[in-house]
Amino acid sequence: MAARNFDMIVIGAGPGGYVAAIRGAQLGLNVAIVEREHMGGICLNWGCIPTKALLRSSEVFHLMHRAKEFGLKAEGIGYDLDAVVKRSRGVAKQLNGGVGHLMKKNKVTVVMGEATLPGKGKVLVATNTGKEELTAKHIVLATGARARELPGLEADGDLVWTYRHALTPVRMPKKLLVIGSGAIGIEFASFYNTLGADTTVVEVMDRVLPVEDAEISAFAKKAFVKQGLKIMEKSMVKQLDRAKGKVTAHIETGGKVEMHEFDTVISAVGIVGNVEGLGLESLGVTVDRTHVVTDEYCRTGVDGLYAIGDIAGAPWLAHKASHEGVMVAELIAGGHPHPVKPESIAGCTYCHPQVASVGYTEAKAKELGYEVKVGRFPYVGNGKAIALGEPEGMVKTVFDARTGELLGAHMVGAEVTELIQGYVVGRQLETTEEDLMNTVFPHPTLSEMMHESVLDAFGRALHI
């Protein structure tokens, strides 16, 4: 079996891997990409994209119920869950085909199969026709991650679901338990609750969306509870007793265990990296709690071997993976890229209301020793928010009191996942409060609240 030689081999065609391959090809490298399942990876096929399609359906459904507020009539409102899911799958399929087209356009060699690393610079791929050997001086691991399964709480696809089952449900849950209130858990809770499931969320930490700023978490929780979500914080699901058509959950709160009955459970308790079966140990790669340990340039310490995206640890976000992919490709091609800074990466959660943030929370900034100035502006003070019928939300900004540096921005409310990018760009350009105050924001827009929040941090807000 003659080995095919490349300049760069990427293992995994998710948002990290396929972007790394494209950038490598743009820079003149001969690139191969190995994928065992779907072009576009989990994000495109079973994560970010199809969940957004589902959530859009529930958002429209929610708005239909509010028609009267807008002077409109909508009668006999209902939904067809199969059709909602079919649309979501169609969106994923369209984009999956798009990735395949991009590989062709950029002359990237695609090898479908399961990869192992038998030695330095070598990749062995088990395809459906046999084994194929590829060699390259540079290999990029972009194998991603999968749902973490806790002992006793394992998914079975019937009563207990992972995100994958929740994307293609076998039925509409009537009484739903969601374990974990990070982005994945809260998005599914939001979707099913809006469609009428009696939904309970259990979170082991002291608040929902625990990585967000505490004030934003509290605001979001209030909105969730108003929508009928039951939220149990500082709680843990100890055991699930499965019977025909029902699950009894043993939930511990403050040392006391209570039993609650559900017909469906979604487990969203984090992810584990896909590090097994690659042969990393024998190559001398350091793996810590299912994630490959790398330096700031995604180098593993093994010459010519890089790891990007979810397999390389938090934050577990597609856009972080893509950016790392570009950085690594540029490094391999002899460039001098900047490393990706975790605190410059925005996090977005598409529940209702949406949540988005970048940089340090107020608590983290203080913990790092900054003297801070904090600004806030409520949605209810914004003309566009009122006109949209979305008066619930808040924009919060955190500045270094000494230098005026924008340390962090945190938002909850309509369309904040789009608004956050303004602050991301600001941080990238090392903006100060002065720049932001002197920027003219268009009226009437939701973005004006970003301006007002900055003004408020320095005692200059105009509309509160």
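The values are calculated or read from the model by the stated rules, or taken from the named source; none is laboratory data. The structure displayed is predicted, hence computed values, not measured ones. Every residue, glycine as well, gets a Cβ built from its backbone with ideal geometry; the counts of neighbours run over all protein chains shown. Heads up: the accessible areas ignore ligands, DNA and RNA and are worked out on the full protein's heavy atoms, side chains in. Shrake-Rupley method; radii C 1.70, N 1.55, O 1.52, S 1.80 Å.
A compact table of results
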read-out: Count of residues meeting criterion [more than 13 Å from V111 (Cβ to Cβ), of a type in the set (A, V, I, L, M), open to solvent by less than 20 Å² (accessible area, probe 1.4 Å) and touching a strand residue (DSSP E or B) at 6+ places or on another chain (Cβ under 9 Å)] in segment 17-61; value: 1
read-out: Which listed residue, of G375, G404, G347, G381, is within 22 Å of the chain's Cα centre (by Cα) and surrounded by 15 or more Cβ atoms within 10 Å (Cβ to Cβ); value: G347
read-out: Unique match (being hydroxyl-bearing (S, T, Y), over 29 Å from L368 (Cα atoms) and open to solvent by less than 60 Å² (accessible area, probe 1.4 Å)) among T432, T445, T417; value: T445
read-out: Pairs where the first residue, in segment 418-430, is part of a helix (DSSP H, G or I) and the second is of a type in the set (F, W, Y), C-beta under 9 Å, 6+ apart; value: G422/F441
read-out: Matching option when the condition is closer than 27 Å to G273 by Cβ and of a type outside the set (V, I, T), among R171, R164; value: R164
read-out: Members of segment 440-454 found to be farther than 12 Å from P378 by Cβ and either touching a strand residue (DSSP E or B) at 6+ places or on another chain (Cβ under 7 Å) or modelled with pLDDT under 95 (or both), listed by number; value: M450, V454
read-out: Where a residue in segment 101-127 is without any contact (Cβ under 8 Å) to a residue 60 or more places away in the chain and its partner, wherever it lies, is outside any strand (DSSP E or B), with Cβ under 7 Å and at least six apart; value: A126/G113; T127/G113
read-out: Matching entry among P353, P339 (being in a loop (DSSP other than H, G, I, E, B), of a type outside the set (D, E, K, R), open to solvent by 20 Å² or more (accessible area, probe 1.4 Å) and touching a residue at least 12 places away in the same chain (Cβ under 8 Å)); value: P339
read-out: Cβ pairs under 9 Å, 6+ apart, first in segment 246-263 and on the phi > 0 side of the Ramachandran plot, second open to solvent by 30 Å² or more (accessible area, probe 1.4 Å); value: G254/K234
read-out: Scope segment 200-224; condition among the hydrophobic types (A, V, I, L, M, F, W, C) and outside any helix (DSSP H, G or I); matching residues; value: V201, V202, V204, M205, V208, L209, V211
read-out: Single residue of G14, G28 found to be in contact with a Cys (Cβ under 7 Å, 6 or more places away or on another chain), among the small types (G, A, S) and farther than 30 Å from G389 by Cα; value: G14
read-out: Condition broken by I464, with the remaining ones in (1) within 21 Å of C348 (Cα to Cα); (2) surrounded by fewer than 20 Cβ atoms within 10 Å (Cβ to Cβ) satisfied; value: (1)
read-out: Which numbered condition F224 misses (of (1) under 28 Å from K364 (Cβ atoms); (2) open to solvent by 60 Å² or more (accessible area, probe 1.4 Å)); value: (2)
read-out: Selection count where residues are under 17 Å from Y79 (Cβ atoms) and either in a loop (DSSP other than H, G, I, E, B) or basic (K, R) (or both), scope segment 176-199; value: 3
read-out: Segment 196-227, residues that are of a type in the set (K, R) and touching a helix residue (DSSP H, G or I) at 6+ places or on another chain (Cβ under 9 Å); value: R207
read-out: Near pairs, Cβ below 9 angstrom, 6+ apart or cross-chain, from segment 194-207 (within 10 Å of L177 (Cβ to Cβ) and modelled with pLDDT of 95 or more) to any residue that is small (G, A, S) and part of a strand (DSSP E or B); value: T200/A249; V202/S235; V202/A249
read-out: Complete set of residues in segment 409-444 that are within 22 Å of the chain's Cα centre (by Cα) and under 11 Å from A457 (Cβ atoms); value: A409
read-out: Pairs with Cβ under 8 Å, 6+ apart, first in segment 152-171 and without any contact (Cβ under 8 Å) to a residue 60 or more places away in the chain, second β-branched (V, I, T) and open to solvent by 30 Å² or more (accessible area, probe 1.4 Å); value: G157/V170; D158/V170
